[in-house]
Amino acid sequence: MKTSIMGILNVTPDSFSDGGKYENKSGLLDIDIALKHVERMIADGAAIIDVGGESTRPGFTIVEAEDEMQRVLPVIEAIKQRFDIKISIDTYKPQVAVAAVRAGADIINDVRINGFDIEMAKAISETGAEYILTHNSPSYQNLNVDILETTNMYINAGVDKNKIILDPGIGFNKSYEQNIEALRELNSFCNLGYPVLLGTSNKSVIGNALDLPVGERLEGTIATSVLAVKAGVKYIRVHDVKANYRAVKMAEAILFS
């Protein structure tokens, strides 16, 4: 498929949609439970598994790098041992990114505020991993201009241009209107010259548009996934892999067959 599905695996107690989902009765992370979910996501069509060890929901609790690594590294290693699939590490901490790539991650998925960090640029160059650069700026001005400026900073710092993937950052430091505008202008964003990842799964922009709680936002997420296919988005990051995979496959059959 032209558009690949990235399945979300948040090994966190407080993520907005799936926090604590992979814990045992004692409240501790159970790798076997997490691996069963990974197996299901792969069977449902996921091409990438995105592992996160710190929630990035509004008002999230900051996790120290050592604690984050204790959460994600054993899971990444276990996934790589059992499955032949690409893994992304959802982190904005350079030391976590490097350790995760050494453990088996292929992609660094960075949602840091205000984009550029020289230590992260060094981590990307050191590991050779692909890098997802997310637009996440409190001083939001122009989505395309903002993200290209940050992208050029990384390239000037030695990051391979061909390793960069752009994410418009739906839900990150944007009002409802700005999120809708970013979705409306996906075609323009996809024409910036880089592969694009879209992550809208169960987010507040969908909840606000449909007046629905987190657990009832699947149809809204699917609508954005179909929109993404038409715009030329390369990767879609979702919680509900099967439904989004089928919607993407159908959209591609209509648009490209």
Failed item in (1) within 17 Å of Val238 (Cα to Cα); (2) open to solvent by 40 Å² or more (accessible area, probe 1.4 Å); (3) at pLDDT below 95, with Lys2 passing the rest: (3)
Every residue from the stretch 95-114 that is over 15 Å from Thr134 (Cβ atoms), assigned to a helix (DSSP H, G or I) and touching a helix residue (DSSP H, G or I) at 6+ places or on another chain (Cβ under 7 Å): Gln95, Val96, Val98, Ala99, Ala100, Val101, Ala103
Subset of the stretch 140-170 that is open to solvent by 70 Å² or more (accessible area, probe 1.4 Å), part of a loop (DSSP other than H, G, I, E, B) and more than 22 Å from Ala100 (Cα to Cα) - its residue that is modelled with the lowest pLDDT: Gln141
Some residue of the stretch 184-193 being open to solvent by 30 Å² or more (accessible area, probe 1.4 Å), within 30 Å of Lys36 (Cβ to Cβ) and not in a helix (DSSP H, G or I): no
Subset of the stretch 194-239 [over 15 Å from Ala182 (Cβ atoms), open to solvent by less than 10 Å² (accessible area, probe 1.4 Å) and of a type in the set (Val, Ile, Thr)]: Thr221, Val229, Val238
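The values are calculated or read from the model by the stated rules, or taken from the named source; none is laboratory data. Please read these numbers as outputs of a predicted model, since none were measured by experiment. With ideal geometry, Cβ positions are generated from the backbone for all residues, glycine too; neighbour counts draw on all protein chains shown. For accessibility, only protein heavy atoms count, side chains too; no ligands or nucleic acids. Shrake-Rupley method; radii C 1.70, N 1.55, O 1.52, S 1.80 Å.
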